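For reference, the structure discussed in these notes is given below.
The values are calculated or read from the model by the stated rules, or taken from the named source; none is laboratory data. Everything numeric in this text was worked out from a predicted model, so none of it was measured. In this analysis, Cβ positions are derived from the backbone assuming ideal geometry, glycine residues included, and neighbour counts consider all displayed protein chains.
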Amino acid sequence: MNGVQWIKITTDIFDDEKIQLIESMPEGDTLIVIWFKILVLAGKQNNSGILSLGNKVYYTEEMLSTVFRRKATSVKLALSMFEEFGMTEIIDGAITIPKWEKHQNIDGLEKIRKQTRKRVARHRQKQKALITGEPQLVLDCNVTVTDENENVTQEIKNKSKNKKEIENILDNSSRKPETYILPKYYSLLESISYKYNDRFLYPNNYTLTHAQKMKIGEYLASGYVTSDEVISMIERIPEDATSPLAYLFKSMENLKQERMLECKAIAHENARKKYMINE
């Protein structure tokens, strides 16, 4: 996500009785790390201490285990202890931090949320214009002011994007029947979506749509690409990439083709050996 660069941690946090009790447990150090990761994640999500992706998708134990890169058993134990100590609360299936105002500047977060909503609205409007083929008006002002005549010149250029190129970048699978993706891939796709959105929402307002996530799910379901590999690809996308999404899909497709060739080569070699034995 964007905007939230810090959270508030008091210097006497390790004097807190709850933290001391957690530290004394067998996996105390891991539990403390998970607690800080939860706080940081809540700050990134900027949703009043609710751990969610959007308004309806809430982080599960499995999703947190993937995002935090911690064992599922450790995350389950941590969430159980945090809830028992009142550090977290489950509300309608959502993991929340009851006293979130202790860790963040609420006024500052609300300002960031408003800015984010405006940026997302502009981005969606831009996407709609590109898909429908409507030209966009981009103002490039070249202003020259002198002490003598104070002449001001403005150059306005009307630039329209290539609709076909954008359709290749944006998911156009809405024109085709959507491929069914098994539920077992959903948590992996949410982790991938979180990683992508975390990198590209700010300042470009790039986020993965449901259809785009399903398209990535097709690669996972093919067996040629893993979720860890997709996340690694997202991390390696150049900062100056014209289209991060196109770059990601190209990387997945290249890996898939490479793996398919490997499988064909192995199958060919096995067939050759079998033929030689039969001779």
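For the range 1-79, which helices (runs of 4 or more DSSP H) that fit wholly inside it have 3 or more residues that are touching a residue at least 24 places away in the same chain (Cβ under 8 Å) and farther than 28 Å from residue 199 by Cβ?
Filter on the range 1-79 gives 17-23.
Given the conditions (1) of a type outside the set (S, T, N, Q); (2) more than 22 Å from residue 185 (Cα to Cα); (3) surrounded by 14 or more Cβ atoms within 10 Å (Cβ to Cβ), and given that residue 59 satisfies all but one, which numbered condition is not satisfied?
Of the numbered conditions (1) of a type outside the set (S, T, N, Q); (2) more than 22 Å from residue 185 (Cα to Cα); (3) surrounded by 14 or more Cβ atoms within 10 Å (Cβ to Cβ), the odd one out for residue 59 is (2).
Do we find that residue 272 is surrounded by 14 or more Cβ atoms within 10 Å (Cβ to Cβ) and without any contact (Cβ under 8 Å) to a residue 60 or more places away in the chain in this structure?
So residue 272 does not fit the description; no.
Please find, among 205, 197, the residue that is in contact with a Lys or Arg (Cβ under 6 Å, 6 or more places away or on another chain), closer than 28 Å to residue 118 by Cβ and touching a residue at least 12 places away in the same chain (Cβ under 8 Å).
Selected residue: 205, the only one of 205, 197 that is in contact with a Lys or Arg (Cβ under 6 Å, 6 or more places away or on another chain), closer than 28 Å to residue 118 by Cβ and touching a residue at least 12 places away in the same chain (Cβ under 8 Å).
Looking at (1) surrounded by fewer than 20 Cβ atoms within 10 Å (Cβ to Cβ); (2) of a type in the set (A, V, I, L, M); (3) in contact with a Leu (Cβ under 9 Å, 6 or more places away or on another chain); (4) touching a residue at least 40 places away in the same chain (Cβ under 8 Å), which is the one condition that is false for residue 237?
So residue 237 meets the others, but not (4).
Pick from the range 75-100 the residues that are among the β-branched types (Val, Ile, Thr) and surrounded by fewer than 14 Cβ atoms within 10 Å (Cβ to Cβ): which of them is nearest to residue 13 (Cα to Cα)?
My answer is 90.
Return a yes/no flag: does the range 232-241 have any residue that is over 18 Å from the mean Cα position of the chain (by Cα), in the same structural domain as residue 184 (by TED's automatic domain parsing), closer than 24 Å to residue 184 by Cβ and not aliphatic (A, V, I, L, M).
no
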